[in-house]
Protein chains: 2
Amino acid sequence: MLGRRGLGGAQSTWRSSWASPAIQLQRTVSTKILSRRSTIRDARQLDSGSRVAVGGWVKSVRKHKSVSFVNVNDGSCLGELQITLPSEETADAAVAKLSDITVGSSVFAEGELREVPGKQKRLELQPSTLEVLGKCDTQKYPLQKKYHSLEFLRGNLHLRARTNTFGAVTRVRNALGQGLHLYFQENDFLHLHSPILTSNDCEGAGEMFRIAKIDGKDDEFFGTPTYLTVSGQLHAEMYACALSKVYTFGPTFRAENSNTTRHLAEFWMVEPEMAFAGLDECVSSAQGAVQRSVAHALDICAEDIAFFNKNYDKQIAERLERVVAKEFARLTYTEAIEVLQKAVSEGKGKVSFEKKPEWGMDLQTEHERFLAEKYVGGPVFVTDYPADIKAFYMRKNSPDSQDRETVAGMDLLVPKIGELVGGSVREERFEVLEKKMRHLGLIPEEYIDEDTIALAGGELDWYLDLRRFGSVPHAGWGLGFERLVLFATGMDNIRDVIPLPRFPGQCKH
Amino acid sequence: MLGRRGLGGAQSTWRSSWASPAIQLQRTVSTKILSRRSTIRDARQLDSGSRVAVGGWVKSVRKHKSVSFVNVNDGSCLGELQITLPSEETADAAVAKLSDITVGSSVFAEGELREVPGKQKRLELQPSTLEVLGKCDTQKYPLQKKYHSLEFLRGNLHLRARTNTFGAVTRVRNALGQGLHLYFQENDFLHLHSPILTSNDCEGAGEMFRIAKIDGKDDEFFGTPTYLTVSGQLHAEMYACALSKVYTFGPTFRAENSNTTRHLAEFWMVEPEMAFAGLDECVSSAQGAVQRSVAHALDICAEDIAFFNKNYDKQIAERLERVVAKEFARLTYTEAIEVLQKAVSEGKGKVSFEKKPEWGMDLQTEHERFLAEKYVGGPVFVTDYPADIKAFYMRKNSPDSQDRETVAGMDLLVPKIGELVGGSVREERFEVLEKKMRHLGLIPEEYIDEDTIALAGGELDWYLDLRRFGSVPHAGWGLGFERLVLFATGMDNIRDVIPLPRFPGQCKH
């Protein structure tokens, strides 16, 4: 077998360094050698006969009588590179240390790529040198070749990126994020680093974390109570009302005691904001950004998506291809309610909802998923929601034919997830916004008129200033980035699509 | 004059909507019209005779007897588009509202681009319609056509992006950030969203902000004291020791009472980390990333860089071109000390430092700037610092010829700024690192040996695990992103290169 593989003369070309203990070997890997390293992704694209140096972690070892196969991965792709070694009997004396090559150990190997006999286009590495950089005690190492539950891996957050699943999640997450950047950069948006620390506590988006006073000091560090942001929207509006198109992409926070598969205390949001824009721009940019992001993931992570399709969700590849290929559907809220009511009344008992669909209610996840999965079979925008269930900054439409108040808002609903994006046109009319904010108590009562708000420096006075001076129609939306990663991977638990999940009781590392 | 400009028939082609009050005009700008909007940057690239619709804010108005010139900017570029209007006398009755077009007001105009007579390739817009979207009361508007000090603008953070300087800062910042992403994505790095909230309080990088307990509750939300991160490095190591090459790009925090032009309480850091890498990879990737970032800014923000060169720093354009064109210089710390000592001894009194350069000391900004500005005249890496002045995780070199201990660390020093990047090879040897951490009190004394640390779950035990299981040589660096923006714009104060600066006593908005 060895002869057939061209390894007959291995003893002469393959110089083992295993004789030395691992800690010495680490010292022998010079920078000059390291800099010749190829990623395993690149190595797998080379031609048979190429010389290559790779580093990686051992995923499996199969020892046979005359040959051993060591599969190595370095995270550059899902796939592994097989390193083929003469067995202990046929190699030189140093081969006793073959026992150091265990699952989880790290190796650095240099040699020649050869086609695996009989398997066209699969290459293996026949090394002239192979060093064990870091040993791994299999008795103590938490990760073994066997299957580990996602729950078990959540207890080993610092090692889980070494598994196929979490390597793939990290690569797809990276691709989705970069796809979003590409969309925005190609479409005249400026990336805005909106602040994490803020004194605005009245955005109404949820419970906020607050910064503690410095030990032993009475004063707040910033002179005012300071919170972790729940949204960069207001700051994005500030910059859109100067530079037209901006987007934030940063962490946001909720101090809510939610222990679900859909909530985190710290998560990443993407929030574009556009001046000179209405609901159509809002809808088309959300579609464009989601499509560009998913297309980029399909483009550079095809192997990972195939992995998720095989192991986590048999529909994921097809669903993503359809997202990229087709215009998203669009319904008004009023139409959506009619669709849901009709589905119940004509469904002959096959369609039922826990909460009965009625005009004026907020759509529940069950409704959102029905619309996306059953009615449309793909992403769908729902627009023009009742004013009463939406935030103060959304722009009011003219009352509808039945004299009901709606706002120019939109949600993007997708299969499996429900709401992926929420956005709206913003109320740009000073008088309308000021009245609404006063009604909601966002402007303290003692401020009698426009001038006294400005003079007294009400907390959101700066937000009103954007409407006082050269106000423009503007619109924007927010995308919960982890929801997009869930959507694109088919993973079920939001704790599995962020590197270090934070939730009540959990902030380890 | 009007005739010469081809505006003789303006009354017939140019239909003013100024007759209606502004708030009604806003309602008339339909989404259909908005969606035809071009950015001013794009409009300026079109041919004379093109029809175009633009929106923007009025930067200046010059009213003459028969014609008025309105300069408009929309943030897509530094430059403005001149809109040329018939004067009140020559237009129709509606022109009384020409008075609504004031500095700071927002307008939407549609019409034809024509070359400005006598000025080749400068286009002006002759509008068929022009609407004032949002008026701006010049009596109340803080920003006028006149010069405003940077200090004054820091008091109007929510409006300063409307000025030339802060528009340019925002565009250059965006380009530098995207240039970094491009470098990392092109070189096999995965973007890692390292967490903001962390229970690691022992990184030694500085004072940390702590999260307050939720009102009325005795327990910590996360069960442990929780802080805002000072660095993503340890988390980047976690992922590099699984996926080879990652980078963070996120906000970091310091609760230090520093009121200087160089410090912020919240700032953005870029921290790549590479497995199978040594000091050479550290140096070459830092050079590559800085060059790619600056090249991208030069590429897409040429007009802005020219603006900074004219108004803030006459050397900035040349300095940036040189950064991109040339290999960065490289010195060891020992060589750098010799250079500094020689400069003093041979400088005939012309070179002096507040702190005398001596082997073993940390380099001060005065030393760093001398090396970059006077000695090299450009960026310079200084490597192999004394072990005593560097962090615990840096990898020890073999003692030098004089038996002094150094670490495989590097700083990148640049003119004007001093240290822009700091990085190192990480100590990957379990025994060496564990001993050092124990010595520094990072491992509580009661943990007797490797196994009890693991069992007792010492706080940084996960960090030691990376060396316990398949350890690899790895290296990384950190770049203070605001310092890069200072370097690339020639601005002096770090508070002017971040959208909403946070420092002691200041967290407004």
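Dipole of the protein assembly as shown computed with +1 at Lys/Arg Cβ and -1 at Asp/Glu Cβ about the Cα centre; of A:L371, A:I40, B:I337, farthest Cα towards the positive end is A:I40. Only Cα pairs under 8 Å and 6+ residues apart enter the sum, and on that basis the relative contact order of chain A stands at 13 percent. Summing charges over neighbours of B:H296, with a neighbour being any other residue whose Cβ is under 15 Å away from its Cβ, gives -3 when K and R count +1 and D and E count -1.
Averaged per residue, region B:229-330 has 33 square angstrom of accessible surface, using a 1.4 angstrom probe with ligands and nucleic acids left out. The packing ranking of peptides A:100-110, A:392-402, B:350-360, B:269-279, highest mean first, is B:269-279, A:100-110, A:392-402, B:350-360, where packing means the average number of other beta carbon atoms within 10 angstrom of each residue. With its label point put 7 Å out from Cα toward Cβ, B:E373 sits 6.5 nm from the same residue's point in the other copies, in order from shortest.
Dipole size of region A:40-143 about its Cα centre, with +1 on Lys/Arg Cβ and -1 on Asp/Glu Cβ: approximately 380 debye, rounded to the nearest 20. Counting only Cα atoms, chain A measures 91, 67, 40 Å along its principal axes, largest extent leading.
Please state the charge dipole magnitude for chain A, taken about the Cα centre, from unit charges on C-beta atoms (+1 on K and R, -1 on D and E), reported in debye and rounded to the nearest 20.
Roughly 3660 debye for chain A.
With the simple spin-label model, which puts each label point 7 Å out from Cα in the Cβ direction, the A:Q364 to A:Q139 separation comes to 5.5 nm. According to the Kirkwood relation over distinct C-alpha pairs, the hydrodynamic radius of region A:40-143 is 13.9 Å. For region A:247-252, putting each phi into the Karplus relation 6.51 cos²θ - 1.76 cosθ + 1.60 with θ = phi - 60° gives couplings of 8, 9, 8, x, x, 9 Hz, in residue order, rounded to whole numbers and with x for Gly and Pro. The 3J(HN,Hα) values that the Karplus relation (6.51, -1.76, 1.60; θ = phi - 60°) gives for region B:359-371 are, in residue order, 4, x, 7, 7, 5, 8, 4, 4, 5, 4, 5, 4, 4 Hz. Gly and Pro appear as x.
Only protein atoms count toward the accessible area here, which uses a 1.4 Å probe; on the protein assembly as shown, the carbon and sulfur part of that area reaches 47 percent. Counting from the shortest, the label point at A:E346, 7 Å from Cα toward Cβ, is 9.1 nm from the same position in each remaining copy.
Within region B:365-399, whose backbone N sits under 13 Å from a point 7 Å along Cα→Cβ of B:H439? Counting only backbone N, you get B:387-397, B:399.
Chains A and B together bury roughly 9600 Å² of accessible area, counting both sides, with a 1.4 Å probe on protein heavy atoms only. Most simply put, chain B has about 85% antiparallel DSSP beta bridges, counting only bridges with both residues inside it.
Remark on region A:465-501: accessible area falls by at least 10 square angstrom from chain-alone to full-complex state for A:D465, A:L466, A:R468, A:F469, A:G470, A:S471, A:V472, A:P473, A:P499, A:L500, probe 1.4 angstrom. Across the cross-link table entries B:K63/B:K146; B:K342/B:K390; A:K59/A:K135; B:K326/B:K374; A:K350/A:K390; A:K396/A:K435, which are compared at the Cα atoms, the separations over 22 Å belong to B:K342/B:K390; A:K350/A:K390. Backbone amide hydrogens, once placed in the peptide plane, bring B:T406 within less than 5 Å of B:A387, B:N397, B:D400, excluding anything fewer than 5 places away on its chain. Residues of region A:224-269 losing 50 Å² or more of accessible surface, assembly versus chain alone, probe 1.4 Å, please list them. Relative to the lone chain, where solvent access is computed with a 1.4 Å probe, region A:224-269 loses at least 50 Å² at A:M238, A:Y239, A:A242, A:L243, A:E266, A:W268. May I ask for the net charge around A:G75, where only other residues with Cβ less than 14 Å from the Cβ of A:G75 are counted and Lys, Arg are +1 while Asp, Glu are -1? Local net charge: +1. Note on A:D299 and A:Y312: the model spin-label points, each 7 Å out from Cα along the C-beta direction, lie 2.2 nm apart. Pop the C-beta distance of B:H263 and A:N164 into the FRET formula with R0 = 60 Å and round what comes out to the nearest 0.05. FRET efficiency, B:H263 to A:N164: 0.90. Using R0 = 60 Å, the C-beta based FRET efficiency linking B:D388 and A:D403 works out to 0.20.
The same position A:P117 in the other copies lies at 8.8 nm from this copy, comparing label points 7 Å beyond Cα toward the beta-carbon, shortest first.
As I understand it, the value is the acute angle between the Cα axis of helix B:279-300 and the longest principal axis of the Cα atoms of chain B; what does it come to in degrees, rounded to 10? Helix B:279-300 sits roughly 0 degrees off the main axis of chain B. Less than 5 angstrom separates the built amide H of B:G223 from those of A:G505, all sequence-distant by 5 or more or on a different chain. FRET efficiency for A:R36 and A:K146, Cβ-Cβ distance as r, R0 = 45 Å, nearest 0.05? Step by step, r from the Cβ atoms, then E = 0.85. Working from the Cα coordinates of the protein assembly as shown, the gyration tensor eigenvalues give, after taking √(5λ), semi-axes of 52, 36, 28 Å in decreasing order. Nearest chain B C-beta to the B/A rotation axis, reported as residue and distance in angstrom, is B:A212, 2. Which trypsin sites (Lys or Arg not before Pro) in region A:212-246 pass both tests, a DSSP loop state and at most 11 other beta-carbon atoms within 10 Å? Taking region A:212-246 and a limit of 11 other Cβ atoms within 10 Å, the loop trypsin sites (Lys or Arg not before Pro) found are A:K217. Here the label points at A:R322 and A:K63, each 7 Å from Cα along the C-beta direction, are separated by 5.1 nm in the simple model. Alpha carbon centre of region B:341-403 versus region B:40-58: separation in Å? Cα centroid to Cα centroid, the span is 53 Å.
The values are calculated or read from the model by the stated rules, or taken from the named source; none is laboratory data. This one's a predicted model, so the numbers in the text were calculated from it and none came from an experiment. Cβ coordinates were reconstructed from backbone atoms using ideal geometry, including for glycine residues, and neighbour counts include every protein chain displayed. Surface areas here come from the heavy atoms of the whole protein model, side chains and all, with no ligands, DNA or RNA. Shrake-Rupley method; radii C 1.70, N 1.55, O 1.52, S 1.80 Å.
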